[in-house]
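First comes the structure, then the notes that go with it.
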Amino acid sequence: MDKLPKCAANFVPLSPVTFLPRAAYMYGNHPSIIYGGTKFIWRETYQRCLCLASSLQSLNISKNDVVSVLAPNIPALYEMHFAVPMAGAVLNTINTRLDANTIATILKHSGAKVFFVDYQYVSLASDALGLLVSNSMPLVVVIDDIDSPTGIRLGELEYEQLIHSGDSRYTPQLLDDEWDPIALNYTSGTTSAPKGVVYSHRGTYLSTMSLLLQWKVGVGSEVVYLWSLPMFHCNGWTFTWGVAARGGTNVCIRNTCAPNMYKAIAEHKVTHMCCAPIVFNILLEATPAGKQFSAGLASPVEILTGGAPPPAVLLEKVEKLGFHVTHAYGLTEATGPALVCEWQAKWDQLPCQEQAKLKARQGISVLSLADVDVKNLETMASVPRDGKSLGEIVLRGSSIMKGYFKDPEATAKAFKDGWFLTGDVGVIHPDGYLEIKDRSKDVIISGGENISSVEVESLLYKHPRVLEAAVVAMPHPHWGETPCAFITLKRGEGEGEGEGEEAEEEEIISYCLKNLPRFMAPKRVVIMDVLPKTATGKIQKFQLRALANTFTATVSTTRDPQIRNQRSQNKLQKPLLEEFVLAMSRL
């Protein structure tokens with residue numbers, strides 16, 4: 001066939017920014033953003049984004065410059081997802097839970113030219129800026145509260161002033177190449193310095209379209225989306241752009257707490273929300289007063305969840321509150337969700353417990369991926385689809401990151417033979433659905449047997465007293481290593497110390513021995529007030545592994561008469577435990 005010409009009529013670079021002008025035209029009078037007493041329609045949101053892009057250009061922001069922002073889920077952060085790329089720049093959303101030193105590292109590494117700071121984080125931002133040298137100092141713009149201005153400043157510039165001084169007739173920068181960067185997201189850096197993950201316009205566009213199609217058989221135009229997932233986390237899993245694509249309504253809340261979420265759900269008739277599994281516990285543990293707003297929901301709220309694999313029992317509990325859960329799996333390098341557990345109609349006939357187990361799977365690839373597999377990394381051969389054979393989950397497709405910013409070595413290490421290596425261990429079931437079994441570094445090898453920490457954790461979550469659980473390897477003189485469990489208990493239970501805690505530990509171990517093969521049962525259970533977590537709410541297993549390395553298991557059953565003596569010898573008193581965790585958090 002003769003070569004046909006590519007021209008402006010038949011080829012336009014893919015970019016999620018194009019969703020906004022369409023929303024302004026098609027859904028111009030439909031509510032776009034609700035935040036407290038502030039409400040915008042899509043026509044207003046488009047004009048505000050044009051004004052901000054115009055002001056950024058007047059501040060000498062040019063193509064591929066990095067614009068950083070430290071803010072919660074507020075209208076300004078949503079608007080910047082369009083305005084910054086409209087100015088040709090790259091958006092860097094910073095995790096609000098990071099410390100000043102890490103924020104300073106990100107600002108320096110990214111070379112941010114402008115730093116937007118919500119008034120609530122001015123003190124934190126000031127500390128971070130104090131760690132930078134003068135020649136790497138970005139221009140600072142404070143975002144005051146749009147509902148109730150506080151007057152707090154850090155320099156002379158303020159967000160709404162930039163909006164008011166901008167030009168709503170501004171012509172956005174033309175995108176030359178859809179491979180150009182649109183966003184820069186830093187990994188949590190739990191075991192090393194955070195790495196800057198670069199997203200392309202093409203990748204984010206395709207990822208957005210995939211999720212809109214695959215979540216609940218397509219997200220409709222009447223969507224009312226609650227921002228319970230931080231927008232700084234993989235750009236809100238691309239739903240910052242996705243809600244605009246459907247002309248839906250963004251309900252922004254500053255704090256992700258149960259009363260705020262339940263109130264917003266009832267008041268605005270929320271239809272969809274995303275969250276990490278940790279939010280399930282917030283919803284489940286809410287007081288009756290916190291739940292009162294959700295009474296009498298007209299229809300279930302659709303939840304897309306990702307992060308650590310949620311135990312089936314947790315999914316079952318949260319659905320009883322009036323939520324319908326879809327499980328996804330992803331990581332920063334895959335633009336958020338890479339797998340979605342698409343529900344099959346035939347599963348509706350199964351008992352609730354079986355349904356919950358199926359929902360806990362990570363599922364099948366999003367449409368933007370060309371392929372997903374589980375491989376033996378030594379041979380790069382695919383593992384059998386038997387639901388048992390372990391291998392590393394690998395991905396390839398247009399929604400995979402461009403690479404790590406200023407880090408060619410780490411980028412090269414992440415890719416192998418045309419695949420992106422996730423570092424997660426999983427299996428493929430006969431029906432093609434994937435299920436994570438562990439992070440590769442979290443698999444426990446006891447006497448040559450592989451033990452999935454996720455599988456042991458799933459059982460622990462079924463115990464009526466357990467609120468959170470994490471399982472790591474502990475040294476064993478005979479087997480090499482063996483499971484050690486760290487748990488927190490539900491409020492009002494197991495609050496005593498000493499003999500009471502030992503009784504709780506023995507009860508949990510006995511429970512595991514009854515429900516797991518003996519080699520998989522934890523030989524030690526440590527009860528903690530709080531498990532150490534990253535700024536994104538993920539349990540920091542590297543801290544727990546370091547703590548477990550101070551223990552030595554010499555018993556294999558709670559019936560062993562030596563158990564109490566062994567526990568006494570290895571007992572780490574609570575003040576010392578807390579001091580250890582605090583010290584580890586500073587590493």
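Looking only at the range 403-426, residues that are modelled with pLDDT of 95 or more and part of a strand (DSSP E or B) come to 7 in all. Among the residues of the range 21-48, those that are crowded, with 20+ Cβ neighbours inside 10 Å and in contact with a His (Cβ under 9 Å, 6 or more places away or on another chain) comprise Ala23, Ile34, Trp42.
Which one is modelled with the highest pLDDT among residues in the range 336-364 that are surrounded by 20 or more Cβ atoms within 10 Å (Cβ to Cβ) and touching an Asp or Glu at 6+ places or on another chain (Cβ under 7 Å)?
As a first pass, look at the range 336-364 and keep what is surrounded by 20 or more Cβ atoms within 10 Å (Cβ to Cβ): 336-341, 356, 358-363.
Subset that is touching an Asp or Glu at 6+ places or on another chain (Cβ under 7 Å): 356, 361-363.
On the way: Ala356: 78, Arg361: 85, Gln362: 88, Gly363: 91.
Step by step, filter the range 336-364, then rank; the result is Gly363.
Test each condition in (1) modelled with pLDDT of 95 or more; (2) farther than 21 Å from Val251 by Cα for Ala23 and report the one that comes out false. Of (1) modelled with pLDDT of 95 or more; (2) farther than 21 Å from Val251 by Cα, only one is false for Ala23: (2). Can you confirm whether Tyr159 is out of contact with any strand residue (DSSP E or B) (no Cβ under 6 Å at 6 or more places or on another chain), under 19 Å from Ile61 (Cβ atoms) and crowded, with 19+ Cβ neighbours inside 10 Å? No.
Just to check your reading of the model, which residue among Ser458, Ser399 is crowded, with 18+ Cβ neighbours inside 10 Å and in contact with a Pro (Cβ under 8 Å, 6 or more places away or on another chain)?
On the way: Ser399 fails: in contact with a Pro (Cβ under 8 Å, 6 or more places away or on another chain).
The conditions single out Ser458.
Against the test of being surrounded by fewer than 18 Cβ atoms within 10 Å (Cβ to Cβ), polar (S, T, N, Q), in contact with a Leu (Cβ under 9 Å, 6 or more places away or on another chain) and closer than 19 Å to Cys51 by Cβ, the options Ser126, Ser168, Ser136 yield a single qualifying residue, Ser168.
Among residues of the range 478-507 being outside any helix (DSSP H, G or I) and modelled with pLDDT under 65, the one that is surrounded by the most Cβ atoms within 10 Å (Cβ to Cβ) is Gly494.
Restricting the range 539-554 to residues that are in a loop (DSSP other than H, G, I, E, B) and buried (at least 17 other Cβ atoms within 10 Å of the Cβ), the residue that is modelled with the lowest pLDDT is Ala553. Quick one: is Ala89 crowded, with 19+ Cβ neighbours inside 10 Å, hydrophobic (A, V, I, L, M, F, W, C), farther than 30 Å from Glu178 by Cβ and modelled with pLDDT of 95 or more? Here the answer is no, as Ala89 does not meet what is asked.
Within the range 1-20, take every residue that is in contact (Cβ under 8 Å) with a residue 12 or more places away in the chain and of a type outside the set (S, T, N, Q) and give me the one that is surrounded by the most Cβ atoms within 10 Å (Cβ to Cβ). Only one residue fits best here, namely Pro16.
Checked across the range 26-37, the condition of being of a type in the set (A, V, I, L, M, F, W, C), modelled with pLDDT of 95 or more and under 30 Å from Asn101 (Cα atoms) holds for no residue. With respect to the numbered conditions (1) more than 20 Å from Asp180 (Cα to Cα); (2) surrounded by 18 or more Cβ atoms within 10 Å (Cβ to Cβ), which one is the sole condition not fulfilled by Gly151? (2) is the only condition that Gly151 fails. The residues of the range 371-402 that are part of a strand (DSSP E or B) and of a type in the set (Lys, Arg), listed by number, are Lys375, Arg396.
For Tyr78, the conditions (1) touching a strand residue (DSSP E or B) at 6+ places or on another chain (Cβ under 8 Å); (2) in contact (Cβ under 8 Å) with a residue 40 or more places away in the chain; (3) surrounded by fewer than 24 Cβ atoms within 10 Å (Cβ to Cβ) are fulfilled apart from (3). Screening Ser110 against (1) in contact with a helix residue (DSSP H, G or I) (Cβ under 9 Å, 6 or more places away or on another chain); (2) of a type outside the set (Asp, Glu); (3) in contact (Cβ under 8 Å) with a residue 40 or more places away in the chain; (4) surrounded by fewer than 23 Cβ atoms within 10 Å (Cβ to Cβ) leaves a single unmet condition, (1). Checking Asp371 against (1) under 22 Å from Trp179 (Cα atoms); (2) in contact with a strand residue (DSSP E or B) (Cβ under 6 Å, 6 or more places away or on another chain); (3) surrounded by 13 or more Cβ atoms within 10 Å (Cβ to Cβ): exactly one of these is not met. Which one? Result: Asp371 fails condition (3) only.
The values are calculated or read from the model by the stated rules, or taken from the named source; none is laboratory data. Just so it is clear, the model here is predicted, and its values are computed rather than measured. Virtual Cβ from ideal backbone geometry, glycine too; neighbours counted across all protein chains shown.
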